[in-house]
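Novice: Provided herewith is a single structure, encoded as structure tokens, for subsequent inquiry.
What follows is calculated from the coordinates using simple rules that are stated; it is not laboratory data. Keep in mind the model is a prediction, meaning the values are calculated, not measured. Neighbour counts are summed over all protein chains in view; Cβ atoms, including those assigned to glycine, are modelled from backbone coordinates with ideal geometry.
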Amino acid sequence: MGIGKYWFFFFFLFYIQLGHAQIIPDAFKKTTDSLTKTDLKTYAELDAVLRPVRKDTALMRYFAKEAAIQEFHSGQSYALNQLGRKYRDFSQFTKAINLHQEAYDVATESNNLEFKVYSQNMLGVIYTRTDEVKTALKYYQEALLLAETVENPSRNIKRSINVSLNGVGNIYRKLGQYQQAIEKFSKSLELEADLGNKLGLAINHQNIGDCYKAQGMFEEALENFRLSLAYNNQINSERGKIICNYSIGHVYIHQGKNEEAEVMLEEILKNARQLGDPKIISDVLINLGVALLEQNEYKDAEIRLKESLKIAQKHNVPEQIIDASKSLSEIWEFQGDYKKAFHYYKQAISLENEISNSFTVGYVNDLILKYEADKNANKLQILVAENELNKTRLKKNETTLLISGFALALLAGIFYILYRQYQLNNDKKLLTLEQTMLRSQMNPHFLFNSLNSIKLYIINNEKKNAVHYLNKFSKLVRKILEASSLKEISLAEELETIELYMNIENIRFSNEINYNVSIDEDIDIHTVKIPSLILQPFLENALWHGLSSKKGEKNIDVQVSRGDRNFIDISITDNGVGRDASELIKKSKVLKRKSVGIEITKERLANFAKDYQNTFDVTIIDLFDKEQISTGTRVVLHIPTI
């Protein structure tokens, strides 16, 4: 390389560095220097000075750095939060979370309640956008608890309370609890009207419109979207105007005004691309794709939806990934390519189930109740503190206070002992139930008869059969022992266990039992979780009460099918003599088999139901032919996919 080339390379590097340099105006440096020497602590005071430049990331970074050096904590927290909002608007959620968390830490260090509340609300907004509802709700509730401890809240504290209410409303909306969501948004709407905050009014009307749209109440939705648009026009919010317009376009699609929606959305897309928020661009593309799909313009619809899906996947926006995937599935279904349609549908449902499993209505309601309890606890603490202060000032009876405190502690101790006793009794009951379940699985008659059958193979010199069934027997015993220590196992493991059980029991029936298992294609038995060892008692019942007395062909069919949403049905059908005939035969026998396995299993299922919002259910159906002659029994287990 010659001298000239070295100089060219050096000049190129210098040019690149110069291009990336961030030049801070002297006027802003002076403003920063002046502010960092003040003791301003509120958002309103800082925003009055910095509002014109708060969206400039270079200036906010400079201000945050200088504020940190000067230990001007309120200014540092303000700047970090503005940077976080900017990154959030461009869907760079990880960076935004880190900045808001740093802002919260700075506010905590300086004990600035207003900026702590503000930072928590901003974190709640981001986690809501990424469908991490549990975390979002945690931050909104913590923000509310803090804000509501202020006796005479400032305007900004009141606005933070509104943001928290709005956030909780959005979580209700995501859970499909639209009336509760509308109540939260309406309460926030009243507070925003009192503050005269047009941005807050616009946001709440937009959210109420989304709730009505989700319920199919399109005229009410349009009314709220247009009110929101009017407020956004007044404050000249480009982002707000785009969101309102594509929401209106979405309603038009539902109303069958697809051509009108297409024209409207194409225009909005240009504005969205100029704004540069990936989430908004993805939303507009999805609505545009659906409008084109409704007009059978499959190619153009596919292009829009694939672009939306790519953006949503890049920025990890689950709700949009699901919507885009479902619409792409419809495109390929209409065109007859069911393989591609199934691919996109499976992608959507898989992510939908993942989100559904990551939070439940019960979990969120528990958190809301916890918030109310904490809120009341905070109020109680304030009252106790005031009471202590009054007693100190008035120098009243301290002995009474001590006795009261001792009595409360004693009462709390008694309640704790009672609660622990209740827990221990429950644990003991559960342990007894699990031990009884294991004994029923390891029935001595079953063990003896199985070993006896294997012994006969050995006596008859059928070594191959003896070894084969001995292997199955040992594997079954091992599986029962392993599963008995687990609360839940995969459906695949449970089916493997009962297949081993049926193989061994079939020896005693001279291999007369035709045992068949069928599973619906859309069920992944490796991911479905069920309580361990719940099927064997029903199979044992079918064998010894249904088929043992039957002559001719003997069948047991196990079918796994999709029930209602988030449920599966497992049915065990035999062509035995039926329950009535079985009961008569049982009464005539001198030696009666006492079957406790089914009752234990039902009790175990009831115990599991306590931990879930859904319930386990067992249905026993008697089967008859046209002449009302018994043709067997069917047991159906209706089980939530846990």
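Novice: Among 621-629, 295-303, how do they line up by average Cβ neighbours within 10 Å per residue, starting with the highest? Spell out each step's value before the answer.
Specialist: Values: 621-629: 9.6, 295-303: 15.2.
Result, highest mean first: 295-303, 621-629.
Novice: Shape verdict for region 96-192, please, from the Cα gyration tensor: rounded (a/c under 1.5), prolate (a/b greater than b/c) or oblate. Write down the numbers at each step before the final one.
Specialist: Details: a/c = 2.60, a/b = 1.28, b/c = 2.03.
Note, shape of region 96-192 comes out oblate.
Novice: Could you pull out every residue, at least 5 positions away or on a different chain, whose amide H is within less than 5 Å of the one on L623? Hs are placed 1.01 Å off N in the peptide plane, and Pro or chain starts have none.
Specialist: For L623, the qualifying residues are T631, G632, T633, R634.
Novice: Let me ask you something else. To the nearest 20 Debye, how big is the dipole of region 176-236 about its Cα centre, given +1 on the beta carbon of each Lys and Arg and -1 on that of each Asp and Glu?
Specialist: Numbers: 5 positive and 8 negative charges, 30 e Å.
The calculation lands at about 140 debye.
Novice: With each label point set 7 Å from Cα along the Cα-Cβ vector, what nm distance links H468 and E352?
Specialist: The answer from the label model is 4.6 nm.
Novice: Using Cβ counts within 10 Å as a stand-in for footprinting exposure, how do H73, H468, H100, H526 rank, fewest first?
Specialist: Details: H73 20, H468 14, H100 28, H526 10.
Least crowded to most crowded, the residues run H526, H468, H73, H100.
Novice: Sticking with this structure for a sec: When ranked by the protection proxy of mean other Cβ atoms within 10 Å per residue, highest first, what sequence do the peptides 575-583, 184-192 form? Display every interim value, and only then the final one.
Specialist: Values: 575-583: 18.0, 184-192: 20.1.
The peptides rank, most packed first, as 184-192, 575-583.
Novice: Distance cut-off 25 Å, Cα to Cα: go down the list K95/K326; K310/K340; K554/K626 and report the pairs above it.
Specialist: Numbers: K95/K326 30 Å; K310/K340 17 Å; K554/K626 20 Å.
Distance filter (> 25 Å) returns K95/K326.
Novice: Which links in K30/K65; K55/K213; K270/K314; K346/K487 stretch past 25 Å when you go from one Cα to the other?
Specialist: Details: K30/K65 14 Å; K55/K213 33 Å; K270/K314 21 Å; K346/K487 29 Å.
Those over the limit are K55/K213; K346/K487.
Novice: If you plug each phi of region 402-408 into the Karplus form 6.51 cos²θ - 1.76 cosθ + 1.60 with θ = phi - 60°, what whole-Hz ³J(HN,Hα) values come out, in order, with x for Gly and Pro?
Specialist: With coefficients 6.51, -1.76 and 1.60, one gets 5, 5, 4, x, 4, 4, 5 Hz.
Novice: Suppose the chain between E259 and K65 were pulled fully straight at 0.36 nm per residue; how much longer would it get relative to their current alpha carbon spacing? List each step's numbers first, then the result.
Specialist: On the way: separation 194, 0.36 × 194 = 69.84 nm, distance 5.17 nm.
Gain on stretching E259 to K65: 64.7 nm.
Novice: Between A407 and A581, how many nm apart are label points set 7 Å from Cα along the C-beta direction?
Specialist: 7.2 nm
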